[in-house]
Amino acid sequence: MSGRRRGSLAPPPLRRTMNLARASSLLFGVELLNTALGFFGTVYFARELGATLLGIFFLFEATLYTMATVVDFGLRGAVEKRISAGDDPAQMFGAAVVLKLLLILVVSGLVLAVREPLAGYIGVDLAFELIGVVVAFELSMLVIHVLQGELRVAQTAVLHFLRSLTFVTVAVALLQYGYGVQAMVYALLVSYTVLLIGGTLRLSTPLARPGRRHLRSLYDYAKFNGIWGLGGHVYNWMDVIVIGFFLSQAAVGAYELAWRLTTTAIMFSTVFARALFPQLSAWQADGAVEKVQNLVSDAMTVSLLLIIPSVVGVAVIGREILGVIFGLEYTIAAAAFLVLMIEKLPQAVNLVFDKAIQAFDRPKYGAIATVVSLSMNIVLNVLLVPRYGLIGAAVATLVSVFANTVILGLYLGRLTPVRFPVRDVGWTVLAAAAMGVVLVGITRLLSVDTPLALIAVVGVAAVVYGGGVLAAPPLRVKIIENVRNVRG
């Protein structure tokens, strides 16, 4: 039986509401600083280390996040869900810490057992550093998810920026002293330690001794959410892992840089999804079904707003972007760059579907979608990378993400009606098409081979697209409304 009194048809009053516009805009603002900081840092690292050494670091990261995925196996998402729903927060936090420490011990032992072949794959023996970074990463991410479960998503923004600033500062300093790849590794360790300390100081949820019910509750959610998280890891790193086996470390470096550039386009979609989940979770728990439906539809428009013009832009000047920013040795990933940007279209929608299904407490649906797309991703990467190289890896990612998004959409339709915002997205497509025409015209008159020329071309494209979006009445109304919400 539910908590409602018999005979009552009205839903209970909403307990918690978060200003999504303000939270997501704050996150976006800080994430914009993060992106700018990370972008200039990456440009420096790419030119300082070269594609091969940078590829070694990316393989270290791929191994790191593979370990972290196993260590976590859905616990972060589980504790955020339970705390956001108000289910014994302190005990749930304690249960997550206990389970996570046990998993860290097990996985650390496995890393030491395969130390030599692991060093051969990465290119450098960094087993102990790997274990240290995993511990700092996992505990800091757990604290961040507890903060998000407290509906304090916006407060995590400063912490993420502080971590990025620490990473770049330490890495640049150590590179000056000749530490090479190790400079990047030590910078990761220091930055996640700073994130852990800063997040812990901001927590409101105390750490309490868990009971068997709390451990079981997290396990019941995490056993499916862990498969879901494994799918996210495969999506982010499987192509790099396979490229590391079949191609050169320089290919790893070029491909991963192209991938990271595409993530800047989906940056707002990602931070908006982070703000979206706790609000959807709270409204779903309160029975506000209509609010959930409307928010899911609007969120798809927001998620695609910057992706659509980015695809058009990369189609026209993708090679120039890689060459001007990082150097000509990285243009080997130009074709893959375009495919990876196209992949961000289904990924933007996927972010919304993913958070909505988690909010409905149906991690099993995400696990099923993940098993299908994960299998496709692994098989396609192994088949396509040896034959088609970097573009094969990009196509494998695109196909698997599209499949995952379709499956999640079908499952979400079982939980709540899903209305794709055809009109709003149609306006953004028209605005992006106009931008593309202007870009083609400019590139025929101007050679985009210097940073200044690239900035000028991108600036003109942004103005044309922004004007097209604001010319659409429904989009203009929503943008103005969100601006007002941000101002409060």
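The values are calculated or read from the model by the stated rules, or taken from the named source; none is laboratory data. Source: prediction; values computed, not measured. Methodologically, a virtual Cβ is constructed for each residue, glycine included, from the backbone with ideal geometry; neighbour enumeration extends over all protein chains shown. Ligands, DNA and RNA are excluded from the accessible area calculation, which covers all protein heavy atoms including side chains. Shrake-Rupley method; radii C 1.70, N 1.55, O 1.52, S 1.80 Å.
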Sorted by mean Cβ packing within 10 Å, highest first, what order do the peptides 109-118, 343-352, 309-318 take?
343-352, 309-318, 109-118
Can you compute 3J(HN,Hα) from phi for each residue in region 318-335, using the Karplus curve 6.51 cos²θ - 1.76 cosθ + 1.60 with θ = phi - 60°, rounded to whole Hz and x for Gly and Pro?
x, 4, 4, 4, 5, x, 5, 6, 9, x, 5, 5, 8, 6, 5, 9, 4, 5
Tell me, in nm to one decimal, what length is gained between Tyr179 and Ala462 on full extension, where the rule is 0.36 nm per residue of separation less the Cα-Cα distance?
97.9 nm
Using every alpha carbon pair in region 333-480, what percent of pairs falls into each 10 Å bin from 0 up to the bin containing the largest distance?
10, 26, 29, 26, 8, 0
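Tally Lys and Arg at +1 and Asp and Glu at -1 over the other residues with C-beta under 13 Å from the C-beta of Ser400: what net charge comes out?
So the surrounding residues net to -2.
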Separation of region 241-274 and region 333-392 by C-alpha centroid, Å?
13
List the pair-distance distribution P(r) of region 141-189, using every Cα-Cα distance, as the percent of pairs falling in each 10 Å bin from 0 up to the bin containing the longest distance, rounded to whole percents.
27, 35, 24, 13, 1
What does the net charge come to around Ile325 if you take all other residues with beta carbon closer than 15 Å to its beta carbon, with K and R at +1 and D and E at -1?
-2
Hey, what do the phi angles of region 466-477 turn into as Karplus ³J(HN,Hα) couplings, whole Hz, using 6.51/-1.76/1.60 and θ = phi - 60°, x for Gly and Pro?
x, x, x, 5, 5, 6, 7, x, x, 5, 4, 4
Additional length obtainable on full extension of the chain from Arg260 to Ala453, 0.36 nm per residue less Cα span
67.3 nm
Gly132 neighbourhood, Cβ < 15 Å, K/R = +1, D/E = -1, net charge -3
More than 27 Å apart - percent of Cα-Cα pairs taken over region 41-177:
32
In square angstrom, what is the accessible area per residue of region 331-488 with a 1.4 angstrom probe?
48
Three principal axis extents, largest first, for the C-alpha atoms of region 313-408, in Å?
47, 28, 17
Dimensions of region 84-132 along principal axes (Cα, Å, largest first)?
47, 17, 13
Using a 1.4 Å probe on the protein chains only, how many percent of the accessible area of region 80-194 belongs to carbon and sulfur?
70
In vacuo Debye scattering of region 346-401, one point per C-alpha: log10 I(q)/I(0) at q = 0.22 Å⁻¹?
-0.81
